[in-house]
Amino acid sequence: MFFRNSLSLFPIILLATALTSIVNVEGHRLSARQNKVDASERLLQGNAQWAASTKKDNTTFFQTSAKGQDPKVLWYGCADSREPESVITNSIPGDIFVHRNIANQVPPEDANSVSVLEYAIKHLKVEHVIIAGHTNCGGANASLSAALAGSSASQTLSDEPSAGALNKWLEPLTEFALSQKSQLSAKSNSDALTVLVEENVKKQVENVSNSEAIQAAWQAETNGTGRAVRVHGWVYDLSTGLIRDLNVTRGPN
Amino acid sequence: MHLLTVSLVLAAISGALAHPTHHLARREVRIIGSVARGTHSAPAVAPPPSSTGSPIGSAANSTVGTFETLVKGNQKFRDEIKSSEPELLKKLTDEGQSPPFMFLGCSDSRVSEGTIFNAKPGTLFTQRNIANQFQSTDPNAQSVLSYAVAELGVQHVLVVGHYGCGGVAASIVPPPAGLVDAANGAVQSWIQPVREIFATSSRPEIVELRGRINSTVTEEPEVSDPGFRALVEENVKASVKRITSDSVISNHFTTLATEAQKTKRSGTEKALSPVFVHGWVYDIENGEIRDLGVSVGPPGVAIPPPPFEAVAAAGAKVAGGEITVIGHSTSTTV
């Protein structure tokens, strides 16, 4: 009797399933709607939550923090949204003084990144400068492609004006890549990019080490009138989240 | 009757089967890196390192306290993200970044944008410099803007200053007397545009502060000083203005308008989305963000209303003791 009636039951089963599915789809639809909540709103909600729970967990945090900053580390990182230094080092506000730009460069004539170094070394008296590159760097990739294609250093991106900001900014990196061309062209594209990312970090360690601010700091350290200051080169692996030291740390000779 | 019972039973069964077995994880709001400040060990004097350096955290390398903290922190980050969002890093690596925001903030260690916004990797494409300045003559900041808008297609550019900004404070006190000290040259040169705002602003609090500053003043103003706070705000507004006048943005707005016309004619999907530039201030005394109400968008496009009411409501909820569960895992779309 059950089976004879099963066909007539079928539409009811279908209806019952449909009804419950709609309820669950609605549940999913609600969370999909949350996905579409304005990105700015989500960002600001994140801030409100963080501020409130920080105060709750540590009632004097903001009071102390507002009196001044005393970071021991200056971090030069890439502007890339996947390398947020405070998140990947699990550090708290107050720990790290930061400059981020495309491909974590510190060109000797760049007023922007050099003023950060000067302030950090002379005013804040940081003890470590870290150049933190990362895998899959878009800037390094652009310079690599240009170098391998034999472009001129001033025209890294062919669809941008050579006098434009991106080409101006990438020029030293492309020039550097061109100088390493034979080494880079012998490798696969992904290996070549890794090499350029690492070599760029080492180059920036050298740029920072040769700066007036660091040279003066090391002079003082050697004389016994100043604190120890070290310059380090790191690479952050985007896919694993692991930070790797390139072991190129520099101090006074 | 029999049919009804059976259908109810079947409904119940199919309901149980269709009901997702996952549940909304009740996420506690946690501060990333909530090690209390007091537990950071005092830095020890570093022995001279070898020129090839050594692994992170090894005693031979550096002041033990600092590096150990960062190494342990990185480990903690990796452990946490593996358990809370195991696919995120790989996805960002394989698919590339598509951040909704560009962030222009101060280098100040207290304004860690990832932390203060509780933002996951992949959210904020970032430039931080002294006093969060944008100048069209600075290829560093301008290249970041260019890449953000023209290549990454960010939807919002956030210029975020902060009260108690050291760069702004240094612009208020007179520069060091005598020849420009080699020790201060780069910083003094960099903050010159902020000095100009201080010298020329007609905002009453700044006028008042100017009256109090004479050539003998060397001490920087207090965080609460109204003139100092006003200058922080005016400095943000100046950078918002410069960004919107920059060719990156004006080119973008022109392209949008041209494409809109094309879209009207051909009825096809618009490729570009509008970019909005906002001016905010971070209050270091309570961790909150304030909107200066100077947002700019493309001509003819409504600026999305600032979500500060919703935020205030969320903030009130949290302050009242209920921590709202916000889904961290969902990706943002505007």
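Quick note: the coordinates plus some simple rules give every number you see, no bench work behind them. Model, not experiment: these values are computed from the prediction. No Cβ is skipped: glycine too gets one built from the backbone with ideal geometry, and neighbour counts run over all protein chains shown.
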Neighbourhood net charge (15 Å Cβ-Cβ; Lys/Arg +1, Asp/Glu -1) for A:S162
-3
How many partner chain Cβ atoms sit within 10 Å of a residue's Cβ in peptide B:69-81, on average, as a whole number?
6
Report the full-extension gain for the segment B:K241 to B:V173: residue separation times 0.36 nm, less the Cα-Cα distance, to one decimal in nm.
22.0 nm
If the cut-off is a Cα-Cα distance under 20 Å, which aspartates and glutamates reach A:K187, setting aside same-chain residues fewer than 8 apart in sequence?
A:E175, A:E198, A:E199, A:D237
Cross-link table A:K55/B:K72; A:K72/B:K90; A:K125/B:K120, entries beyond 26 Å C-alpha to C-alpha:
A:K72/B:K90; A:K125/B:K120
In peptide A:123-133, how many Cβ atoms from other protein chains are near each Cβ within 10 Å, on average?
3
Listed highest first by mean packing, meaning other Cβ atoms within 10 Å per residue, what order do B:95-103, A:38-46 come in?
A:38-46, B:95-103
For B:165-174, what's the mean count of beta carbons from other chains sitting within 10 Å of each residue's beta carbon?
1
Nearest 500 deg cm²/dmol is fine: what mean residue ellipticity at 222 nm does chain A get from its DSSP H runs of n ≥ 4 alone, each adding -39,500 (n - 2.57), divided by its residue count?
-16500 deg cm²/dmol
So what is the relative contact order of segment B:197-240, in percent, for Cα pairs below 8 Å that sit 6 or more residues apart?
46 percent
Local charge sum around A:L246 (other residues, Cβ-Cβ under 10 Å, Lys/Arg +1, Asp/Glu -1)?
-1
Scattering curve values for chain A, log₁₀ I(q)/I(0), Debye with Cα scatterers, q = 0.16 Å⁻¹:
-1.21
Positive-end residue, chain A charge dipole about Cα centroid, Cβ charges, pick of A:V208, A:V231, A:Q183:
A:V231
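Where both residues lie in segment A:107-253, what percent of DSSP beta bridges are antiparallel, nearest 5?
Values: 4 of 11 bridges.
Looking only at bridges with both residues in segment A:107-253, the antiparallel portion is about 35 percent.
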For segment A:69-245, what does the relative contact order come out to in percent, with C-alpha contacts under 8 Å and a separation of six or more?
25 percent
